[in-house]
Every structure is written in C-alpha cells, then in structure tokens.
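Presented below is the structure to which this report refers.
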Amino acid sequence: MFPKSTFVTTFDKEVVSEKYPVDLTFDFPIPYTTCMEVTKGSEYLQKIKDALRSEEYQSYTFPTRPYIVKFAELKSLSHINSCFPDNKNFGNTLEKIVLQEFDIEHIKSLCKFYLKDLLSQWMYLQNQYS
C-alpha cells in the first residue's frame, strides 16, 4: 500500500533542536502556574510535587484532621439507614440504592465505617435533592 521509502529507517531522536520551556497550569480553584525549564519526566514529577505543596492546592483540599469516625456492624443491608441518625433522608436514600445495586445473601456481618470529611460531599449532594 505504501512505498518502502516512506517508512522511517532510523531511530534518531524526533526533536533534535533545543526544547523550549513549558508552562504548566494546575487547574485548582485558584490556579497554580509554574514553568519547566528542562523538559524531562523527572522535572515534571518535581513540578507536580511543588504543586501539591503549594498554597493554591492547600486551600483547595479539605482539612484532613481531626477525623470523626463512626463504626457500625450491620447484619443486613436493610439497616443502613440506622447508620445516619442525623440525616434519615440520606440514610433511606442510600439504603434504597444499595438494595438495588448489591445482591448479597447469607450476610454474617457487614462492617462499615466512614470519615466525616469523605461523606461531606455526599451529604451536600443529598441536601441538594431533598
């Protein structure tokens, strides 16, 4: 289909001239911008580390401590709503979803825990629809 002369016959570097610096923008709510002078994989990884240590990223992430942890032992999927005494609507909605999605039989014990920080987003969504 193609003439043999159109195929590459050597393994020379694709870009042989000097590479230009690359501007990187991390799209946090307050964007973090930096420049890679040397375009290597190790430099890129260093820029990612710098971005994760930046004030822009720190203001973007949720606080990680103190954790509020609750444990509950469930004998049945139909008791999930009891794990959310402060938000019965959310518990009932979650129970309906779980009962539709999971077909688990002969349950001896379901151990469940949650971190308040992780569920805060779920609670926000539930409050939007209740």
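Among all residue pairs at least 6 apart or on different chains, which show Cβ distances below 6 Å where the first residue, located in segment 88-112, is among the acidic types (Asp, Glu) and the second is at pLDDT 75 or above?
95/80; 95/81
Among the residues of segment 36-58, is there at least one that is of a type outside the set (A, V, I, L, M, F, W, C), exposed (fewer than 12 other Cβ atoms within 10 Å of the Cβ) and modelled with pLDDT under 80?
no
Would you pick out the residues in segment 29-45 that are of a type in the set (A, V, I, L, M, F, W, C), in a loop (DSSP other than H, G, I, E, B) and over 15 Å from residue 18 (Cβ atoms)?
Across segment 29-45, the qualifying residue is only 30.
The values are calculated or read from the model by the stated rules, or taken from the named source; none is laboratory data. Bear in mind the structure is a predicted one, so any value in this text is a computation, not a measurement. Please note: Cβ atoms are built from the backbone with ideal geometry, for glycine as well, and neighbour counts cover all protein chains shown.
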